[in-house]
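Just below is one structure, and these are the notes that go with it.
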């Protein structure tokens, strides 16, 4: 049975803008590279009778819920249990008209108390989006990584200024034979380590939890590869739309789009381009599309969302 509660609380961010930019009403094959609960995929399928969607997700529970939700569309929808970085292998020789990726963590993951994504529940500190993955959990990273690496993860991916203090306390705990293994233990430690300002509107552990989730799932490592492979997989005139929620994600997408639009990032004195820039796409969003006040009022998570879109112009790549 579909999880009605999950469907009701999940709101797809920048839904109308995404569907418009990928030109879903033009029909054809589309890929929702981060299927989640299927909100974007459903909107694409509703846009035209001759659309079909392949949905990718590494979370098998999300696959189950979205597949059930989209079952009325019959064979126009197909789900694949895979990370978005595997898009090239999933598609093979198929050339979609549009690819969409929403990089935000889904409400399904945040609201599953057993998954370890949220400090609102006391649970094992897991954070793997793919529960079948053999990769380390967040608890295992905190139990094995050197203090400096833990601090670097929290600072780079969470932009947390107290990262060194947090890492120091985590290592002190494990050296005392009390490693951090649950969400509550980590949230309590961070809450003591971070000096809150009266102006702070978020929980002091928010940035640390975000950083560990990104590290556990190697989200930044696979993002640029996904951009390159997605553009190569598109048909000519096909569009790639990516929604980010983190400044580092947005920077990676922006620079990857610029490089594939022909902008060279080599030092000015280089005799020739060595960064691999080549004009394969046209950037359709010179500035990122952001949510309007109405959307932000009903969906606070949309406040940090940014949508960037490119159109493929080189069929030979």
Query - Checking residue 192 against (1) crowded, with 16+ Cβ neighbours inside 10 Å; (2) over 25 Å from residue 92 (Cβ atoms), the condition it does not meet - result: (1)
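Every residue, every condition in (1) at positive phi; (2) outside the structural domain of residue 193 (by TED's automatic domain parsing); (3) over 22 Å from the mean Cα position of the chain (by Cα), yes or no:
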site: 116; (1), (2), (3): yes, yes, no
site: 122; (1), (2), (3): no, yes, yes
site: 125; (1), (2), (3): no, yes, no
site: 138; (1), (2), (3): no, no, no
site: 145; (1), (2), (3): no, no, yes
site: 153; (1), (2), (3): no, no, no
site: 164; (1), (2), (3): no, no, yes
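For residue 40, indicate whether it is surrounded by fewer than 19 Cβ atoms within 10 Å (Cβ to Cβ) and either touching a residue at least 40 places away in the same chain (Cβ under 8 Å) or farther than 30 Å from residue 313 by Cβ (or both).
Details: surrounded by fewer than 19 Cβ atoms within 10 Å (Cβ to Cβ): no; either touching a residue at least 40 places away in the same chain (Cβ under 8 Å) or farther than 30 Å from residue 313 by Cβ (or both): yes.
In short, no.
Counting just the residues of segment 69-89 that are over 16 Å from the mean Cα position of the chain (by Cα) and closer than 26 Å to residue 117 by Cβ, which one comes out surrounded by the fewest Cβ atoms within 10 Å (Cβ to Cβ)?
Initial filter on segment 69-89 (over 16 Å from the mean Cα position of the chain (by Cα)): 69-80, 88-89.
Applying the additional criterion that residues be closer than 26 Å to residue 117 by Cβ yields 69-70, 79-80.
Values: 69: 20, 70: 22, 79: 21, 80: 18.
Of everything passing the filter in segment 69-89, 80 is surrounded by the fewest Cβ atoms within 10 Å (Cβ to Cβ).
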Query raised in the report: Any residue in segment 99-116 that is surrounded by fewer than 18 Cβ atoms within 10 Å (Cβ to Cβ) and at pLDDT 95 or above?
Result: no
**Report entry** Where residue 225 falls short, out of the listed (1) surrounded by 20 or more Cβ atoms within 10 Å (Cβ to Cβ); (2) touching a residue at least 60 places away in the same chain (Cβ under 8 Å)
**Finding:** (1)
Query raised in the report: Among 48, 66, 62, which is the only one that is assigned by TED's automatic domain parsing to the domain that holds residue 298, within 20 Å of the chain's Cα centre (by Cα) and either over 26 Å from residue 224 (Cα atoms) or at pLDDT 95 or above (or both)?
Result: 66
Requested in this report: Please go through segment 190-223 and pick out each residue that is within 14 Å of residue 126 (Cα to Cα), out of contact with any helix residue (DSSP H, G or I) (no Cβ under 7 Å at 6 or more places or on another chain) and assigned to a helix (DSSP H, G or I).
Outcome: 209, 213
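Let's see how each residue does on (1) within 13 Å of residue 212 (Cβ to Cβ); (2) modelled with pLDDT of 95 or more; (3) surrounded by fewer than 17 Cβ atoms within 10 Å (Cβ to Cβ); (4) out of contact with any helix residue (DSSP H, G or I) (no Cβ under 7 Å at 6 or more places or on another chain):
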| site | (1), (2), (3), (4) |
| --- | --- |
| 119 | yes, no, no, no |
| 126 | yes, no, no, no |
| 138 | yes, yes, no, no |
| 151 | yes, yes, no, no |
| 154 | yes, yes, no, no |
| 164 | no, yes, no, no |
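The values are calculated or read from the model by the stated rules, or taken from the named source; none is laboratory data. Small disclaimer: the values here were computed from a predicted structure and weren't measured. For neighbour counting, all protein chains shown are included, and Cβ atoms are generated from backbone atoms with ideal geometry for every residue, glycine included.
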